[in-house]
Amino acid sequence: MTAPAVLFDAPGPRTIARHRLYTIIAGVALVAVLAFVVWRLYDRGQLEYAKWEAFLTPKYISALLLDGVLVTMKMALSAVLGAVVFGLVLGAGKLSDHASVRWLSWAVVEFFRAVPVLMLMIFIFFAYGISRGDSGAYWSVVIALMLYNGAVLAEVFRAGVLAVPSGQAEAAYAIGMRKSQVMNIILLPQAVKIMLPAIISQCVVALKDTSLGYAVAAPGLTKVGQSIYQGFGNQVPTVIVLAVLYILINLALTTIATWVQKRFVGEKKVLEVSMVGKTDAGSGLSV
Amino acid sequence: MNAVLDNLELVLRAFSYTVLLFLISGVLSLVFGTLLAAFRVGPIAVLSRAAAVYVTAIRNTPLLIILIFFRIAGPKVGINFNFIDIKIGDLTLNNLFAACVVGLTVYTSTFVCEAIRSGINAVPLGQAEAARAIGLPFSGAMREVILPQAFRASVPPVASVQIALLKNTTVAGALGVFEAFARMKSLINDDVASRNAIFLTFAVIFVVLVEVVSFGANRLERRWRIAR
């Protein structure tokens, strides 16, 4: 937390007293808001056992965890693995010495970054998945996420390679390495270390976006939730449970990313690439 | 191409919805995001904690879940927007539209908050110290030295957030607002043979919209650049 250090001096006794007053007022207001929310839920019968029963029944819990969480994670993981490969190719293309390859990669990256994932997903679904039932929907989601996240990771990859001090490449050329050797032996291993946290953060984005599979009836957590609330008519509890599950998985991923950041990158500056989900205070964003 | 040209009016109306969703939630998210950021960096620990928890929770929830909350779950606990019924020409802004605007705003404002916070963090500590050293009071240091730099530094991240919002408006299409995504889906449904042409047209229009927003942001960024 550096922000308070920029914005405020260390408070004196009068300011401390004033802040204490504000704290009490704010605390009371927050408690009042929370109480109102709970009362509203109670008043509209959302806290009744019948509405929550589904989440205490082993059958539905296992559906949520196996057909929901596990499938969602599988989708996100395959999408990110594909995206890493796609991103490596495009990133290498953007760094190419041949102008035509550079321009082509640039155009592909810009296109997939600017087109909404949902549009891409539905197009792939109509073009490929619609005749293939459940697995068609599954792969439509994976491919769409792969293309979008691959385009974002291409930028990460490029920034990662450019972040390696230029002396490294110069030294490698000086001892007579070829371009491919410089890339594979010298630059890539160092760049991957810097890129890892950004790639893991991108997993959060991919994981959240798997929920868009709703539009093509793809399996996953959102779909399971949808069938639960359609069966039980317990929309509010289901949305709360779904949100909590997504938040828990994503927080776990963020924790891993932060740990990798500390372990492999150290105090070096975080890669600044727009549209990448950042691990901490930075400008995280998604979809 | 005919598939799109024959339905030009519908396509235009769809993109009007997209742009309206973007503009209204964009402005609202800037307002609420700034408010959240103020809580977040303010001196009141309770508010700052509460804002942090809220931002973390919303940021890690998929936008679709948030929209489902406001569209489907909200009415069950009395959160509805039935009082909203505005007609602009052929466009109808009703409770569905309002629920999607609120969902998009709730989601985007947390990202705006983080973007502005990163802008505040980008102001070098020495600037604040210098402002105090020349005797500026707190309000003066804020107004003259820190906030102008913070706002300028947050232009690029806020712009990426707004571009993400523009693309996120398509999620509203999955929940009943007939904007670009929903219109594209129904056009493809009616005319599967022209699938590729329809998709490419909609995609290219989106690329253009995104480029317009990022062009504006670049101009602003260049005009507001701070010498460092």
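The phi torsions of the stretch A:79-92, fed into the Karplus equation with coefficients 6.51, -1.76 and 1.60 and a -60° offset, translate into couplings of 5, 5, 4, x, 5, 5, 4, 4, x, 4, 4, 5, x, 4 Hz, rounded to whole numbers, with Gly and Pro shown as x. Cβ-to-Cβ counts within 10 Å put A:V164, A:V239, A:V115, A:V141 in ascending order as A:V164, A:V239, A:V115, A:V141, the fewest first. Taking only the Cα atoms of the protein assembly as shown, the radius of gyration and Dmax are 24.1, 77 Å. Between B:D191 and B:L125, the modelled labels are 6.3 nm apart [label points 7 Å from Cα along Cα→Cβ]. In whole Å, what is the distance between the alpha-carbon centres of the stretch A:105-147 and the stretch A:154-194? If we compute the Cα centre of each part, the gap is 32 Å.
Max-minus-min Cα coordinates of the stretch A:123-260 on each principal axis give 69, 37, 16 Å, with the largest extent listed first. With r defined as the distance between the Cβ atoms of B:L10 and A:Q181 and R0 fixed at 51 Å, what FRET efficiency is calculated, to the nearest 0.05? So the FRET efficiency works out to roughly 0.35. For B:L35 and A:L65, the FRET efficiency from 1/(1 + (r/R0)^6), where r spans their Cβ atoms and R0 equals 35 Å, is about 0.40.
Given the C-alpha centroids of the stretch B:166-194 and the stretch A:68-98, what is the distance between them in whole angstrom? Cα centroid of the stretch B:166-194 versus Cα centroid of the stretch A:68-98: 26 Å apart.
Backbone phi angles across the stretch A:239-248, fed through the Karplus curve with coefficients 6.51, -1.76 and 1.60 (θ = phi - 60°), yield HN-Hα couplings of 4, 5, 4, 4, 4, 4, 4, 4, 4, 4 Hz in residue order; Gly and Pro are listed as x. Phi angles of the stretch B:79-87 translate, via the Karplus equation with coefficients 6.51, -1.76, 1.60 and θ = phi - 60°, into HN-Hα couplings of 8, 9, 10, 5, 6, 8, 7, 10, 10 Hz per residue; Gly and Pro are given as x. A helix-only calculation puts chain B at -23500 deg cm²/dmol for mean residue ellipticity at 222 nm, using -39500 (n - 2.57) for each DSSP H run of at least four residues, averaged over all residues. Take the Cα of A:L251, step 7 Å toward its Cβ, do the same at A:L47, and the gap between the two points is 2.2 nm. In a fully extended conformation the segment linking A:R40 and A:D134 would gain 30.0 nm over its present Cα-Cα distance, using 0.36 nm per residue. The distance separating the Cα centre of the stretch B:119-145 from that of the stretch B:1-70 comes to 31 Å. To the nearest 0.05, how large is the calculated FRET efficiency for A:Q190 and A:S227 if R₀ is 56 Å and r is the Cβ-Cβ distance? Given R0 = 56 Å and the Cβ-Cβ separation, E is 0.75.
Exceeding 21 Å between C-alpha atoms, which entries from my cross-link table qualify? They are A:K94/A:K179; B:K87/B:K167; A:K59/B:K76. List each step's numbers first, then the result.
Numbers: A:K94/A:K179 15 Å; B:K87/B:K167 24 Å; A:K59/B:K76 26 Å.
Long pairs (Cα-Cα over 21 Å): B:K87/B:K167; A:K59/B:K76.
When N is the residue count of the stretch A:28-114, what does its C-alpha Rg come to as a fraction of 2.2 N^0.38 Å?
On the way: Rg = 24.5 Å, N = 87, 2.2 N^0.38 = 12.0 Å.
Dividing the Cα radius of gyration by 2.2 N^0.38 Å gives 2.04.
Report the gain in length on full extension from B:N95 to B:R49: 0.36 nm times residue separation, minus Cα-Cα distance, nm rounded to one decimal.
Values: separation 46, 0.36 × 46 = 16.56 nm, distance 3.27 nm.
Contour length minus Cα-Cα distance gives 13.3 nm.
Taking GluC sites (Glu not before Pro) as exposed when their DSSP state is a loop state and no more than 13 other Cβ atoms lie within 10 Å, the longest site-free interval of chain A runs over A:49-266.
No lab work stands behind these numbers, since they all come straight from the coordinates. None of the values given here were measured: they were computed from a predicted structure. Here Cβ is always computed from backbone atoms with ideal geometry, including for glycine, and neighbour counts include all displayed protein chains.
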